[in-house]
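First up is the structure itself, then whatever we jot down about it.
The values are calculated or read from the model by the stated rules, or taken from the named source; none is laboratory data. These numbers come from a predicted model, not from an experiment. Neighbour counts are summed over all protein chains in view; Cβ atoms, including those assigned to glycine, are modelled from backbone coordinates with ideal geometry.
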Amino acid sequence: MKIDFNIKEILTLPTTIMAALSLASGILLFSPTVIIEKMYMIDFRNKYGFIIGIVFIVSISILIVNLIYKISVSFSKVKAKKKFFATAEKRLLKMNTYQKAILYALYQEDNRTLPLPLHDGAVRELEQNMMIGKATTQYLVSDLNNALFPYLLQPWVADELNNKPNLLSGFRNAFELQYDKVSKQGQIGDHYW
């Protein structure tokens, strides 16, 4: 019996197959001789015991490294999520008046959704900062140069505004300032003002 293996192929095996290899090789290595004799595997273990041992050590090592990696990734995600929500108010306060007005306009809507200009830098920045998101992936627009796309307010922003009255009043003031500024310029459209 010729055993030919490629280390790259072994290292890229799925976790479930690695677990099965670990279990099978562990049973062959550590089971009492009586059980191995009943499975008629005693000659196989004696002949290929060294290879079975290598398979066991390598597969267990890869499983342990994989487990440590997945645990560290999950801890870092939890830590990042805590930091994200801990700094929520600070990030909301850093927005400029125009962005606060957009967020407040979305907040005022019952469904927290409004059509916003697709090519607006402030809207794109709010989307990048995960404060708003597109409500759909496809939407019919009549004017591609001035496209309006439905955006929704992220739930965490609505929660922050609901739970912090001072923050909400600051956003309301920003909305009123922006509304007054736009109305003086005569640019009130039908999208969010």
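Here region 124-153 is the region considered, the condition is being within 20 Å of F84 (Cα to Cα) and of a type in the set (A, V, I, L, M, F, W, C), and the residue that is nearest to the chain's Cα centre (by Cα) is M130.
If you go through region 65-86 one residue at a time, do you hit one that is outside any loop (DSSP other than H, G, I, E, B), more than 30 Å from Q154 (Cα to Cα) and in contact (Cβ under 8 Å) with a residue 12 or more places away in the chain? Yes; the residues of region 65-86 include at least one that is outside any loop (DSSP other than H, G, I, E, B), more than 30 Å from Q154 (Cα to Cα) and in contact (Cβ under 8 Å) with a residue 12 or more places away in the chain. Residues that are under 25 Å from K81 (Cβ atoms) and among the basic types (K, R): does region 165-180 have at least one? No, region 165-180 contains no residue that is under 25 Å from K81 (Cβ atoms) and among the basic types (K, R). Considering region 1-63, the qualifying helices (runs of 4 or more DSSP H), each wholly inside and each with 2 or more residues that are at pLDDT below 90, within 36 Å of the chain's Cα centre (by Cα) and not small (G, A, S), run over 7-11, 15-30.
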